[in-house]
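Undergrad: I am attaching a structure below and will ask some questions about it afterwards.
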Amino acid sequence: MPAITFIHPDGKSERVETSGEESAMQAATRHGLDGILAECGGNAMCATCHVYVDESWLARLPDMADDEDALLDGTASERRPNSRLSCQIRITPERDGLIVKLPERQV
Amino acid sequence: MTASGTPASTGPASVPHLDVDPFDMRFFADPYPAHQRLREAGPVVYLDKWNVYGVARYAEVHAVLNDPATFCSSRGVGLSDFKKETPWRPPSLILEADPPAHTRTRAVLSKVLSPTAMKQVRDRFAAAAEERVDALLDKRSFDAIADLAEAYPLSIFPDALGLKPEGREHLIPYASVVFNAFGPPNELRQQAIARSAPHQAYVAEQCQRDNLAPGGFGACIHARVDDGEITATEAPLLVRSLLSAGLDTTVNGIGAAVYCLARFPDQWQRLRDDPTLARNAFEEAVRFESPVQTFFRTTTREVELSGATIGEGEKVLMFLAAANRDPRRWDRPDSYDITRRTSGHVGFGSGIHMCVGQLVARLEGEVMLTALARRVAKIEITGEPKRRFNNTLRGLDSLPVTITPA
Ligand code: HEM
Ligand code: FES
């Protein structure tokens with residue numbers, strides 16, 4: 001099964017196995033990872049699953065929908081060019097090995 | 001969940017029939033044993049009292065919420081089928097709409113109530129929470145519903161909307177009508193609608209552009225008319241959605257949180273020790289008490305759901321509160337635990353209709369519980385809590401408490 005890596009603000013990294021069908025957010029919450037709140041449960045309505053995607057992976061991400069784009073404007077930690085909502089990134093085999101950094105704050 | 005060609009003859013006959021009336025006073029007084037019966041009877045049940053299907057397990061509630069093409073909202077999210085009965089008021093353009101109409105109106109309210117918009121009101125909401133707690137510390141003994149759960153949202157939300165000061169006493173009664181009206185034609189609903197005329201007149205008037213202060217949520221909705229996103233006749237109805245759903249819900253949400261923290265002193269102590277848990281303590285109260293207990297959908301076609309075949313045009317009642325305590329989904333579902341991972345609860349719904357005001361609700365809950373945790377050492381219940389009865393909302397009518405300053 002594809003696995004992904006979350007890097008905490010303090011530099012500590014955490015590798016998480018995914019089910020092959022779920023989003024990066026779902027994998028994180030299922031493993032009890034700190035730093036992803038996902039208050040809306042993955043409905044692209046809360047912006048508390050914000051991540052910074054490692055530059056080398058940007059091209060392999062799904063396109064950003066308008067609602068995700070609008071939500072990213074209101075994230076608690078600053079929006080950067082590589083900001084995404086982890087609930088909108090499904091971890092398919094092509095995204096095996098994805099690396100994302102967690103922001104300082106989600107609310 | 002998926003379509004199937006099974007004949008309709010397996011319909012209501014193949015699912016367990018229950019005599020539970022989820023809109024009866026005895027049910028409201030203690031819904032938990034009945035919720036358990038509903039969950040354990042099967043993934044889909046049939047309620048003979050009102051001739052509706054019911055789902056009370058997490059998986060099926062979540063599935064129904066996330067298949068709006070099959071389980072539609074435009075025929076009403078209460079018992080009444082808008083295809084067969086005239087709605088008691090003009091239908092909501094968002095709650096009682098399906099895509100593509102819903103998509104357009106939803107985009108407008110999502111923008112007006114976005115995370116960016118919350119940053120603009122956060123300091124004001126937090127200062128008002130501090131002020132409210134100051135006033136309560138002067139009193140020491142008070143009714144946590146009237147003086148806290150109602151007084152706090154009333155002190156910020158109508159202003160945030162941009163409402164005039166006059167007539168605000170209609171707001172909670174209007175919302176109470178709206179949420180009673182989703183229920184069956186029982187006494188609660190009939191009486192609520194019979195007395196609704198003055199509240200409806202007030203609300204219709206306040207939704208007009210001229211009556212909404214610049215900069216408020218209401219004016220922001222009307223501003224979308226100018227960029228052509230919605231029409232001038234749609235705007236007042238979208239403002240009405242915030243008047244209907246934005247106040248009484250948070251009253252019951254904050255009331256639920258205070259009631260939980262007063263009942264479970266160990267959780268109160270954890271919050272005192274770490275006030276950053278306030279936001280999750282509120283969220284967990286929304287899961288635990290589910291201020292919005294139920295909503296309906298109507299099937300647009302014959303559908304098979306977890307082995308049960310449901311015909312076209314059937315009402316399906318979703319027990320959000322029962323799903324939020326389904327042991328199939330939650331560890332120790334009947335414990336209020338402020339450190340629980342609450343993500344995925346359906347207290348705000350799920351899918352395309354998931355509460356568009358959820359960020360407002362969480363902000364109010366967070367800043368109020370933070371203010372309490374910082375300033376109050378102890379909350380004691382000093383008298384019998386009284387329940388308020390409504391066909392959809394669950395909450396208290398009064399909760400006598402005494403607080404001790406920190
Ligand atoms: C604790 C407080 C609240 C609770 C428990 C709550 C619950 C819900 C639920 C369960 C739904 C889903 C309805 C469905 O699926 O048919 C919903 C939708 C909605 N809520 Fe809330 N709500 C709360 C606060 C608010 C606030 C503060 C506002 C406005 C500022 C609001 C406005 C709405 C609107 C307009 C909808 C319809 C959304 C749509 O159909 O797309 N709610 N709410
Ligand atoms: S979980 Fe809410 S936006 Fe991703």
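The values are calculated or read from the model by the stated rules, or taken from the named source; none is laboratory data. Values in this document were obtained by computation on a predicted structure and should not be read as measured data. With ideal geometry, Cβ positions are generated from the backbone for all residues, glycine too; neighbour counts draw on all protein chains shown. Calculation scope for accessible area: heavy atoms of the full protein, side chains included, ligands and nucleic acids excluded. Shrake-Rupley method; radii C 1.70, N 1.55, O 1.52, S 1.80 Å.
Undergrad: Per-residue mean of other chain beta-carbon atoms within 10 angstrom of the beta-carbon, peptide B:105-116?
TA: 3
Undergrad: If you don't mind, there's one more thing I want to ask. Residue by residue through the range B:390-406, what is 3J(HN,Hα) from phi via Karplus (6.51 cos²θ - 1.76 cosθ + 1.60, θ = phi - 60°)? Round to whole Hz and write x for glycine and proline.
TA: Result, rounded to whole Hz: 8, 5, 10, 8, 10, x, 9, 8, 8, 9, x, 9, 10, 10, 10, x, 7.
Undergrad: Can you tell me which of B:169-179, B:241-251, B:77-87 comes out highest on packing, and rank the rest after it, using the mean Cβ neighbours within 10 Å?
TA: Highest to lowest by the protection proxy: B:241-251, B:169-179, B:77-87.
Undergrad: Just checking the output field for A:35-44: average partner chain Cβ neighbours within 10 Å of each residue's Cβ?
TA: If you average over the peptide's residues, the count of other-chain Cβ atoms is 6.
Undergrad: Roughly how large is the A-B contact in terms of buried accessible area, totalled over both chains, probe 1.4 Å, nearest 100 Å²?
TA: Roughly 1300 Å² of accessible surface disappears when A and B pair.
Undergrad: Just the number please: accessible area per residue for the range B:11-405, 1.4 Å probe, all protein chains included, in Å².
TA: Ligands and nucleic acids excluded, the result is 37 Å² per residue.
Undergrad: In addition: Could you work out, residue by residue across B:353-365, how many beta carbons of other chains sit within 10 Å of that residue's beta carbon, and then give the average as an integer?
TA: Partner Cβ neighbours, averaged per residue: 2.
Undergrad: If you don't mind, another one. If one computes the Cα centroid of the range A:78-101 and of the range B:24-81, what distance in Å separates the two points?
TA: If you average the Cα positions of each part, the centres end up 36 Å apart.
Undergrad: Grab the DSSP H runs of chain B that are 4 residues or longer, score each as -39,500 (n - 2.57), total them, divide by all residues and round the 222 nm result to the nearest 500 deg cm²/dmol.
TA: -13500 deg cm²/dmol, from helical runs alone.
Undergrad: On a 24 Å Cα-Cα criterion, which of the cross-link pairs B:LYS139/B:LYS164; B:LYS315/B:LYS386; B:LYS49/B:LYS83; B:LYS49/B:LYS315; B:LYS139/B:LYS378 come out too long?
TA: Result: B:LYS139/B:LYS164; B:LYS315/B:LYS386 exceed 24 Å.
Undergrad: Express the carbon and sulfur contribution to the solvent-accessible surface of the protein assembly as shown as a percent, rounded to the nearest whole number, probe 1.4 angstrom.
TA: 52 percent
Undergrad: Relative contact order, percent, of the range B:1-138 when contacts are C-alpha pairs under 8 Å separated by at least 6 residues?
TA: 14 percent
Undergrad: Cα atoms only: what Rg and Dmax, in Å, come out for the range B:11-405?
TA: Values for the range B:11-405 (Cα only, Rg and Dmax): 20.5, 61 Å.
Undergrad: Calculate how many DSSP beta bridges within chain A are antiparallel, expressed in % of all such bridges and rounded to the nearest 5.
TA: 80 percent
Undergrad: What ³J(HN,Hα) values, in whole Hz, does the Karplus curve 6.51 cos²θ - 1.76 cosθ + 1.60 give for the range B:144-158 when θ = phi - 60°, with x put for Gly and Pro?
TA: 5, 7, 4, 8, 10, 4, 8, 4, 5, x, 5, 7, 10, 5, x
Undergrad: Would you grab the residues whose amide H sits under 5 Å from the one on A:GLN106? Only those 5+ places off in sequence or on another chain, please, with H modelled 1.01 Å from N.
TA: Under 5 Å from the amide H of A:GLN106 lies no amide H from a residue far enough along the sequence or on another chain.
Undergrad: While we're looking at this one, here's another question. Across the Cα atoms of chain A, what radius of gyration and what greatest pairwise Cα-Cα distance (Dmax) are found, in Å?
TA: 12.2, 33
Undergrad: Nearest 5 is fine: what % of DSSP beta bridges in the protein assembly as shown come out antiparallel, could you say?
TA: Restricted to the protein assembly as shown, the bridges split so that about 80 percent are antiparallel.
Undergrad: Using alpha-carbon pairs under 8 Å, 6+ residues apart, how would you state the relative contact order of the range A:3-101 in percent?
TA: 39 percent
Undergrad: Could you sort A:37-47, B:25-35 so that the peptide with the highest average Cβ count within 10 Å comes first and the rest follow in order?
TA: Packing order, densest peptide first, comes out as A:37-47, B:25-35.
Undergrad: With a 10 Å radius around each residue's Cβ, average the other Cβ atoms per peptide and rank B:190-198, B:351-359, highest first.
TA: B:351-359, B:190-198
Undergrad: Can you sort A:MET25, A:MET1 by solvent-accessible area, 1.4 Å probe, largest first?
TA: Putting A:MET25, A:MET1 in descending order of accessible area: A:MET1, A:MET25.
Undergrad: Which percent of the Cα-Cα distances in the protein assembly as shown go past 39 Å?
TA: Across the protein assembly as shown, Cα pairs with separations above 39 Å total 23 percent.
Undergrad: Got the relative contact order for the range B:11-405 handy, in percent, Cα pairs under 8 Å and 6 or more residues apart?
TA: About 26 percent, as a whole number.
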